[in-house]
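The next block holds one structure in the form of structure tokens; read it before the comments.
The values are calculated or read from the model by the stated rules, or taken from the named source; none is laboratory data. Worth saying up front: this structure is predicted, and the values here are computed from it rather than measured. FYI the Cβ positions are ideal-geometry reconstructions off the backbone, even for glycines, and counts take in every protein chain you see.
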Amino acid sequence: MKKHNQSQEEFERIERYLTGRMDDNEKPDFEASLKTDPRLRKQTEEVRALLHAIEEKKLREKLDDFHEELTAGNRRVISVRPFLKYAIAASIALLIGLGVWLLSVRKTPDEKLFSQYFKPDPGLVTPMSTTPDYEFYRGMVDYKQGKYKPAIRRWRPLIEQKPKNDTLNFYLGVAWLAQGENKKAIVYLSKAVKYPNSTFINEAWYYLGLALLKEGHSEKAIHSFKKSNLENSNLILKEMGSAK
Amino acid sequence: MKKQYLTAVIPSNMAKAATVLYQNTFTSPLVEAIKVNEEWALRTLYKDNYEKVETLILRNSGTKEEAKDIFQEAFIAAWRNIKDNKFLPENNSAINGYLYTIAKNKWMDYLRSPEYKKKVAFNSSIAEPVHLPADGKGDSEEFNKKLSVAMEAFEKLGEACKNLLIKFYFEKKSMKEIAEELQMDASSARNKKYRCMQVLRELAFEKDVE
């Protein structure tokens, strides 16, 4: 069974090649050996299949999660009673609903800009040890996996205890924004920008700008972006025709 | 190293470099994020496209369950080709169109298959397949066989190894991050990864080893 052992060095060399991390000094040699060494060729194909398999397995799990989220959101069923007057009322309601929907589906330039720029902050490194901020970091683990709702659930009691914590206000704001709850995002991010010495001050102004933009308050958004020194704030200001 | 493009928190010199890279390669931040399996990007791609595909399949004699399967297969094929640079979308709508076309072709292939024809007389009004630059059939049969064996083997792997390998190869976390999370030094994490990969390799290809 272990006849074809692969040393750690051999494995890591193949891995470097397949993940595009091999430098120009090493690559020609490796590619030359691939042509002449059938054992290396076989091993490389095997590792390639394994790396693909790991990614695809995990992706398939994620796709099922997304699907569930999607169908869970669609379970709102409208029941129409079989009486004419109710039917008429329902049709009118549906027509109004359709109008609102059509308006909301057509993206404004501000919303386009928002979706082009918005990406949740990557989050903080979470230590494994039990720190006093355990609950905060548990929420951060959820946050980093894109589970914004559980993260918000964990952080909410904390913000009641520490309403003036800049980090909490910032991440709660970004989490709400990622959930599409712009107004709630604005509430927290407006608090986060009140601490000029915060590590997150430039990010907080930037995300506040994005939240305001999404809500359609372009003027206020510009004001926010101008207070942030992030490169992205400059880029977005340029696109909005309002460079610093 | 985890690649980040046009994100908010990276230092401005890096953001500048990322912007240049972005402009030079003409790909959108979404595409770059898909390549590194960023959850928000994968979710966006899924949610923005599923409904259209479901509508197509429901209108052409399919069920919701079939729509889900076809869409997910198409999603994986599109994702794979984007990662392998076989398909270089210039913007988000190019990816959406690409994903839709793959799903449509897969559904048509199914409708034309003997398996389906046995089930029901073929009288669908669906159009002819559209030619695609890369449709997920690029890899050899032999490789695809290896891939499915490897996926089965991954199922059998212990939880600790599964989690570690996912952190490295799906989440694309750095050695440093992973070592920190597992509270071990970088060289032990590296060695653990190597050993997990050898277990996986034996589980998958043991019979091939003469």
- Message: Could you go through the stretch A:118-131 and let me know if any residue there is modelled with pLDDT of 80 or more and not in a loop (DSSP other than H, G, I, E, B).
- Response: no
- Query: Of the numbered conditions (1) modelled with pLDDT under 90; (2) within 23 Å of A:Gly180 (Cβ to Cβ), B:Tyr116 satisfies every one except a single condition; which is it?
  - Reply: (2)
- Conditions (1) part of a helix (DSSP H, G or I); (2) modelled with pLDDT under 90; (3) within 14 Å of another protein chain (Cβ to nearest Cβ): number failed by A:Lys183: (3)
- Of all residues in the stretch A:210-231, which are part of a helix (DSSP H, G or I), at pLDDT 85 or above and at the interface with another protein chain (Cβ under 10 Å from one of its Cβ atoms)? A:Leu210
- With respect to B:Ala103, is the statement that it is modelled with pLDDT of 85 or more and touching a Gly at 6+ places or on another chain (Cβ under 6 Å) true? no
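Considering only the stretch A:153-175, state which residues are surrounded by fewer than 22 Cβ atoms within 10 Å (Cβ to Cβ) and touching a helix residue (DSSP H, G or I) at 6+ places or on another chain (Cβ under 9 Å). So that I can check it myself, show each step before the final result.
Taking the stretch A:153-175 and keeping what is surrounded by fewer than 22 Cβ atoms within 10 Å (Cβ to Cβ), we get A:153-154, A:156-167.
Once the filter is applied, which keeps residues that are surrounded by fewer than 22 Cβ atoms within 10 Å (Cβ to Cβ) and touching a helix residue (DSSP H, G or I) at 6+ places or on another chain (Cβ under 9 Å), the stretch A:153-175 yields A:Arg153, A:Arg154, A:Arg156, A:Pro157, A:Leu158, A:Ile159, A:Lys162, A:Pro163, A:Lys164, A:Asn165, A:Asp166, A:Thr167.
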- Out of curiosity, is A:Lys149 within 15 Å of the chain's Cα centre (by Cα) and at pLDDT 85 or above? yes
- Query: If B:Ala179 satisfies every condition in (1) surrounded by 16 or more Cβ atoms within 10 Å (Cβ to Cβ); (2) under 24 Å from B:Lys83 (Cα atoms); (3) more than 7 Å from every other protein chain (Cβ to nearest Cβ); (4) not aromatic (Phe, Trp, Tyr) but one, which is the exception?
  - Reply: (2)
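Limited to the stretch B:77-91, what total is found for residues that are surrounded by 13 or more Cβ atoms within 10 Å (Cβ to Cβ) and either in a helix (DSSP H, G or I) or within 14 Å of chain A (Cβ to nearest Cβ) (or both)? If you could, list the steps in order and put the result at the bottom.
Filtering the stretch B:77-91 for residues surrounded by 13 or more Cβ atoms within 10 Å (Cβ to Cβ) gives B:77-84, B:86-89, B:91.
Next, from what is left, pick out any that are either in a helix (DSSP H, G or I) or within 14 Å of chain A (Cβ to nearest Cβ) (or both): B:77-84, B:86, B:91.
Selection size over the stretch B:77-91: 10.
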- Within the stretch A:176-192, the residues that are of a type in the set (A, V, I, L, M) and surrounded by 24 or more Cβ atoms within 10 Å (Cβ to Cβ) are A:Leu177, A:Ala185, A:Leu189, A:Ala192
- Note on the structure: Per the filter on the stretch A:20-73, residues within 13 Å of chain B (Cβ to nearest Cβ) and not in a helix (DSSP H, G or I) are A:Gly20, A:Arg21
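Quick one: which residue in B:Lys64, B:Lys2 is of a type in the set (Lys, Arg), modelled with pLDDT under 95 and within 28 Å of A:Ile236 (Cα to Cα)? Let's see the steps before the verdict.
On the way: B:Lys64 fails: within 28 Å of A:Ile236 (Cα to Cα).
Matching residue, one of B:Lys64, B:Lys2: B:Lys2.
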- Task: With respect to A:Tyr188, determine if the residue is within 14 Å of another protein chain (Cβ to nearest Cβ) and either part of a helix (DSSP H, G or I) or not basic (Lys, Arg) (or both).
- Result: no
